[in-house]
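One structure is given here, and the rest of the page talks about it.
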Amino acid sequence: MHSMQITQNENTRFQEQAAEFVIKLGSALHNYGTSSERLESALRKLMARLNLEGDIFASPTGLFISIGVTEHQQTHIIRVDPGEVHLEKLALLDELSQQVINDRIHITEGVKRIDEIVNAPSRYGTVLTILSYSIASAMVCRFLDGGWREILISGFIGTLIGLTGFFVGKRHQTSFLFEPIAAAISSALAIIIAQKIMVISVYEVTLSGLIAAVPGMTMTLAMKELATRNLVAGTVRVAWAGLLFLEVAFGFAVGTQVNKLFAMPLPEIDPAGLPNWTEWLALLIAPFALSVRFQARPKDFGWIMIGCIISFGGARLGASYFAWEYSGFIGAFFACAVSNLIARFKNFPAAIVLSPALLLLVPGSIGFVSVSNFLEKNILSGVAAAFSMVMVAMSIVIGLLLANAIVPARKNI
């Protein structure tokens, strides 16, 4: 009888430790950019491997974890703020969960290591992170057919946007102001430079500079969650993306008021065309900036580059055969399929390759055009651009779903 009681106590203690591990791991994964449907699936699988009964419900701002049989079930409610994608910590958490599942480390040690991973400083310092904003803006400008002048100014504005993100992100209260401030800086500087320093295409420079603030990825995730019947999470993300678009539009409108200080209207020019090889050069450079932006491990840079090239090439291939709104389907399908294959080969989360690759496809620029048209009272153009944005997002989502059905990922993260 005494030995049986000890066994029951040990089992109860293990259940408590396992529950703590699942809760901490779920909170960390949520904070580092895992979508609701992937997070729920990953945690359910983890609970099954740890012999825990219960269920998971994830939303963009909260995590509900019920553990135990129905009559003795305990529900844990964790308030989680949506965080930035952090691919290195995502990979480390995935490795840690596998080590716990395979009994390579004890679950109490696993709980401690979660705290160590979460509290670890970023691999890349402030200077490199800000530089990644600059390079990403410059490369986006080339993808938008900007000339050398536009690329140079976009890189400069991207640096200022990175500095803005660094300073406003220091405090929780000011972090919500990043999008409108970034939009105001981008539009105002583009106008001032065009009026006083050099003749540039203001549209390309403005859009390239504030690309970091445009919530194209949020809208795409929202459509994916709605498509996978995660209706609450998807609806919340749609509302969130809509609000961010409005914040960007407000900042853009404020920034354009700078033009009233000048007597002359803005010059309307077409950027000087660049050779085709410069676009492929930009495609080789952009993955490094995105890798730093998403805090990926240096050893994963090569795989991220492969994913970005396939994503971009697939979209271009699709555009040559279909309407451009549907080219995202081809790019997303090949990017997701290749990401899943690489993830199987390297035994890491597919998100490491897929997240940067998708950023080359997301419809953020179209959403910005839609909102700016509404601000200019061009209602029909705004509605048309909004519909195009939704169609691009949905084509990306269908490509992802089809790729996951044909070439499923070995892991849920």
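The values are calculated or read from the model by the stated rules, or taken from the named source; none is laboratory data. Values in this document were obtained by computation on a predicted structure and should not be read as measured data. As a convention, Cβ positions derive from the backbone with ideal geometry for all residues, glycine included, and neighbour counts pool all protein chains shown. We work out accessible area using only protein heavy atoms, side chains counted, and drop any ligands, DNA or RNA first. Shrake-Rupley method; radii C 1.70, N 1.55, O 1.52, S 1.80 Å.
Results, tabulated for the structure shown:
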quantity: Helix 231-256 axis, angle to the chain major axis (alpha carbon atoms, nearest 10°); calculated: 30 degrees
quantity: Protein accessible area in the stretch 20-102, 1.4 Å probe - carbon and sulfur %; calculated: 47 percent
quantity: Computed over the stretch 205-301: relative contact order in percent, which uses C-alpha pairs under 8 Å that are six or more apart; calculated: 17 percent
quantity: Long pairs among 45/89; 112/224; 45/346; 89/170, criterion Cα-Cα beyond 29 Å; calculated: 112/224
quantity: Additional length obtainable on full extension of the chain from residue 254 to residue 75, 0.36 nm per residue less Cα span; calculated: 59.8 nm
quantity: Chymotrypsin sites (Phe, Trp or Tyr not before Pro), loop per DSSP, at most 16 other Cβ atoms within 10 Å - longest free stretch of the chain; calculated: 1-175
quantity: Separation in nanometres of the label points that stand 7 Å from Cα toward Cβ, at residue 99 and residue 116; calculated: 0.6 nm
quantity: Whole-number accessible area per residue in Å² for the chain, which is evaluated in the context of all protein chains at 1.4 Å; calculated: 47 Å²
quantity: Residue range of the chain that is longest and free of trypsin sites (Lys or Arg not before Pro) which are both DSSP loop and sparsely packed (at most 13 other C-beta within 10 Å); calculated: 230-376
quantity: Crossing angle, helix 107-119 versus the chain [Cα axis fit, 0-90 degrees, rounded to tens]; calculated: 20 degrees
quantity: Distance (nanometres) between label positions extended 7 Å along Cα→Cβ at residue 401 and residue 106; calculated: 4.6 nm
quantity: Equivalent-ellipsoid semi-axes of the stretch 1-149, from the Cα gyration tensor, Å, largest first; calculated: 40, 17, 11
quantity: Carbon and sulfur %, accessible surface of the stretch 147-285 computed with the full protein complex present, 1.4 Å; calculated: 71 percent
quantity: Relative contact order [Cα under 8 Å, 6+ residues apart], the chain, whole percent; calculated: 16 percent
quantity: Extension gain, residue 196 back to residue 166 (0.36 nm per residue minus Cα-Cα distance, nm); calculated: 8.0 nm
quantity: From the C-alpha gyration tensor of the chain, square roots of 5λ in Å; calculated: 42, 21, 20
quantity: If the convex hull is drawn through the Cα atoms of the stretch 62-130, its volume per residue in Å³; calculated: 119 Å³
